[in-house]
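Enquirer: Would you mind keeping the following structure in view while I ask a few things?
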Amino acid sequence: MPDISLTTVVVLCLAALAAGWIDAVVGGGGLLLLPALLLGLPNSAAAGPYALGTNKAVAIVGTTGAAVTYARKAPVDVRLAVRIGTAALVGSTGGALLAAGMSTDLLKPIVMVVLVAVGAFVIFRPAFGTAPSATPVSPRRVLAAIGLAGLGIGFYDGLIGPGTGTFLVLALTAILHLDLVTASATAKIVNCCTNAGALAMFAYKGTVYWQLAALMAVFNLAGGMVGARTALKRGAGFVRIVLLTVVCALVVKMAYEQWVA
């Protein structure tokens, strides 16, 4: 357990609760949880790696809880989600290896442009993701989902990271013609696969505060399960609003890091 005050622990637990809810609805909980850990952990050269490792240990619990909640009540193709998740695990490993030898600052403006385009698309296409397609998904679209949503977004997760869950929801909705609720459910299973691989690496390196992570994980799990139930109850229209909010937050955060910080 790091040497931090009780007040900081309480704030981190509340951040974990909120992040679990956001992540379950549409992805992007790391926008809140990781900065909170970076601010709350002792200021040292090791703070970054420990924040990343502890973040994954917390997030995997909430993501798993949300995935189980969705799988019980939403029409999720678990086998397909695991296939996409396996590809994402491979892609994230490759992205992490490449990230070690290059600056990701060059890619961030491109990602911001993509996010703005995505936000505009969702705004001007109000029917996007409101209902699943009535026609069966073709094998070609399944392969495209494994390649783009799995390998492609997994690679992005390892290389840069922010907004991976949101990109997964958008890609799965567009490629597989899912509604936003089912896409969020599928994305949670994919996230479980990528988080497991990342957590194994951080655990091997010994950069996880396990006691703090266990405490925060309880709150993240509660937030994730409540978020999944909220999405199931409120439907695709509600998820669409949260999606646009998260996309805007991503653009602001990345722009700040690129040109201000």
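The values are calculated or read from the model by the stated rules, or taken from the named source; none is laboratory data. Quantities reported herein were computed from a predicted structural model and do not represent experimental measurements. Heads up, the Cβs are rebuilt from the backbone with ideal geometry, glycines too, and the neighbour counts pull from every protein chain shown. These area figures cover heavy atoms from the full protein model, side chains too; ligands, DNA and RNA do not enter into them. Shrake-Rupley method; radii C 1.70, N 1.55, O 1.52, S 1.80 Å.
Enquirer: Student exercise: in the chain, how many lysine pairs 8 or more apart or on different chains have Cα atoms under 14 Å apart? Let's see the in-between values first.
Expert: On the way: Lys56/Lys188; Lys56/Lys205; Lys73/Lys188; Lys73/Lys233; Lys108/Lys253.
Counting lysine pairs in the chain gives 5.
Enquirer: Moving on to the next point. How large is ³J(HN,Hα), in whole Hz, for each residue of region 149-161 in order, when computed from phi with the Karplus curve 6.51 cos²θ - 1.76 cosθ + 1.60 and θ = phi - 60°, using x for Gly and Pro?
Expert: Running phi through 6.51 cos²θ - 1.76 cosθ + 1.60 with θ = phi - 60° gives 6, x, 5, x, 6, x, 4, 4, 4, x, 7, 10, x Hz.
Enquirer: Considering only protein heavy atoms and a 1.4 Å probe, what is the carbon-and-sulfur percentage of the accessible area of region 1-74? Before the final figure, lay out each step's value.
Expert: Working: 2100 of 3110 Å².
The C+S portion of the solvent-accessible surface of region 1-74 is 68 percent.
Enquirer: Any idea of Thr164's accessible area? Nearest 10 Å², probe 1.4 Å.
Expert: 10 Å²
Enquirer: Another question, then. Would you be so kind as to identify which of Ala149, Val116, Leu159 lies farthest towards the positive end of the dipole of region 70-188, taking Lys and Arg as +1 and Asp and Glu as -1 on Cβ and the Cα centre as origin?
Expert: Value: Ala149.
Enquirer: Once you charge only the Cβ atoms, +1 for Lys and Arg and -1 for Asp and Glu, what is the size of the charge dipole of the chain about its Cα centre, to the nearest 20 debye? Intermediate values should be presented prior to the final figure.
Expert: Details: 16 positive and 7 negative charges, 147 e Å.
Dipole of the chain, to the nearest 20 debye: 700 debye.
Enquirer: Give me the number: length gained by fully extending Leu244 to Arg229, i.e. 0.36 nm times residue separation minus the C-alpha to C-alpha distance, one decimal in nm. List each step's numbers first, then the result.
Expert: Details: separation 15, 0.36 × 15 = 5.40 nm, distance 1.95 nm.
So the extension gain works out to 3.5 nm.
Enquirer: Taking a probe of 1.4 Å, how large is the accessible area per residue of the chain, in Å²?
Expert: Working: 12170 Å² over 261 residues.
Here the per-residue accessible area is 47 Å².
Enquirer: Here are some values of semi-axes √(5λ) of the Cα gyration tensor in Å: (1) 39, 26, 17; (2) 30, 21, 18; (3) 28, 20, 18. Which one was computed from this structure?
Expert: For semi-axes √(5λ) of the Cα gyration tensor in Å, the calculated option is (3).
Enquirer: Given a Förster distance of 30 angstrom, what is the FRET efficiency for Ala131 paired with Leu38, based on the Cβ-Cβ distance and rounded to 0.05? Spell out each step's value before the answer.
Expert: Numbers: r = 40 Å, r/R0 = 1.32.
Step by step, r from the Cβ atoms, then E = 0.15.
Enquirer: Here is a further query. At 1.4 Å probe size, with the rest of the protein present, what percent of the exposed accessible area of region 108-261 is carbon and sulfur atoms? It would help to have the intermediate numbers written out before the result.
Expert: Numbers: 5100 of 7110 Å².
Looking at region 108-261 in its full context, I get 72 percent from C and S.
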